[in-house]
Each structure stands twice: as structure tokens, then as C-alpha cells.
1. Tally Lys and Arg at +1 and Asp and Glu at -1 over the other residues with C-beta under 12 Å from the C-beta of Gly54: what net charge comes out?
2. Hey, what's region 145-187 come to in accessible area per residue, 1.4 Å probe, Å²?
3. Percent of accessible area on region 37-108 owned by carbon and sulfur, 1.4 Å probe?
4. Show me, for region 60-74, the HN-Hα J-couplings you get by feeding each phi into the Karplus relation (A = 6.51, B = -1.76, C = 1.60, θ = phi - 60°), rounded to Hz, glycine and proline as x.
5. Highest mean first, what order results for 49-59, 169-179 on Cβ atoms within 10 Å?
Amino acid sequence: MSKFTLIIVIFLCSFSIVRAYDPIKGKPYHGAIHIANPLSAMSKFGGMAEVRIGLSSFNFGIQQYIGVYQGSQYRFEYQKYIRTPWRNEYYWYLRTLGGNALYDAKQLETFGDKSKGQAGPVDYYAGGAGFGRRFNFKHLFITMSAGLKYTMLPDNFRDENKELFRLFYVTGPGSIIDLNFRFGYQF
């Protein structure tokens, strides 16, 4: 374990001794670290840092895509929690994001596609909204959310590259249906 990782773990544990999350007693957490769904690690990985003020939450994160549409995606997300008497909370979110993507046909060889080619990298921007639920287990949590996202590629993108990016809106970082599953640690 690196020294940096050890310092972060000690820092997070010191907060957990002082503050436990209990929305019923009115002791909410003030920050959290999210990790992307480990089941999607074949195509992407990443995380988010969260700052919570009352029923509002501000999230900053990065995802690294490693599949056919390789690249980085940077996110800012605002979450508004709906006051509930339960430990598990509902929220709606607004998200803006941007990144770059490179189409690499070599990644499709596993599925029998022997075509060769690359397109990009190309920068894109997107926005989205949706609803989610947060399941709290003291300092650990799981979030699930679903929404819609609109992604814009540049206007000067060549037509032959647009053909290669047709699945970018279905399976890639620009997917229209925005499903997220994350877990993490709150303090």
C-alpha cells in the first residue's frame, strides 16, 4: 500500500470516529468518496468526491473509459435530496460533463470484428438529469440512479467518423440512457 493511500485511509477513519451518519437524528455526513461500479471495470472505472451542505450535494468526478471509445470524462453533478424519515434517501440530480473519446476498432476483435481503424480523439460535452436512491449503512453507502443524457460532438466532425461513433450514444460515454451504480465511504 502506498504512503498516499495510507494517509487517505487514516484521514477518513479519523472523521468516522467523530461523526456518524444518521439522518433521523439530524447528523448528516459532510463529504464522501464514490467509486464507480466494479462490475463495469471491463469498460470504465473512476470515482467522485462529494461535498454535502444540508440537503444539497456537489459532486466532482472522473471516469476513464477503456473499451472501444477510450478516453477520459470529467463530471460535475448537483444532487438535491428529498427529505425522508428513513435512512435511505431519494434525490434528483443535474449533471454536466465533458471529455474526449478515441474510437479504436482493435477492441472489437474479441467479438469477431476484424476491422481496423481509429477515429479521434474528439472532445464532447453533455448534460443530463435523473433520479436516484442512496442506501446508507453508517459510513458506507450505495447509490443507484437513472436518467437521460444529451451529448454533443463537434459540428466539424467528419461524416466517416460519425459512422464510427454511431454506438457512442448507446454503449459509449455518450449513452443517452444514463444508469449509474456507485458505492463509497461517507464522513
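The values are calculated or read from the model by the stated rules, or taken from the named source; none is laboratory data. Worth saying up front: this structure is predicted, and the values here are computed from it rather than measured. Every residue, glycine as well, gets a Cβ built from its backbone with ideal geometry; the counts of neighbours run over all protein chains shown. Side chains are part of the model used for accessible areas, which takes the heavy atoms of the whole protein and leaves out ligands, DNA and RNA. Shrake-Rupley method; radii C 1.70, N 1.55, O 1.52, S 1.80 Å.
1. +3
2. 61 Å²
3. 68 percent
4. 10, x, 9, 10, 10, 8, 10, x, 4, 9, 6, x, 10, 9, 10
5. 169-179, 49-59
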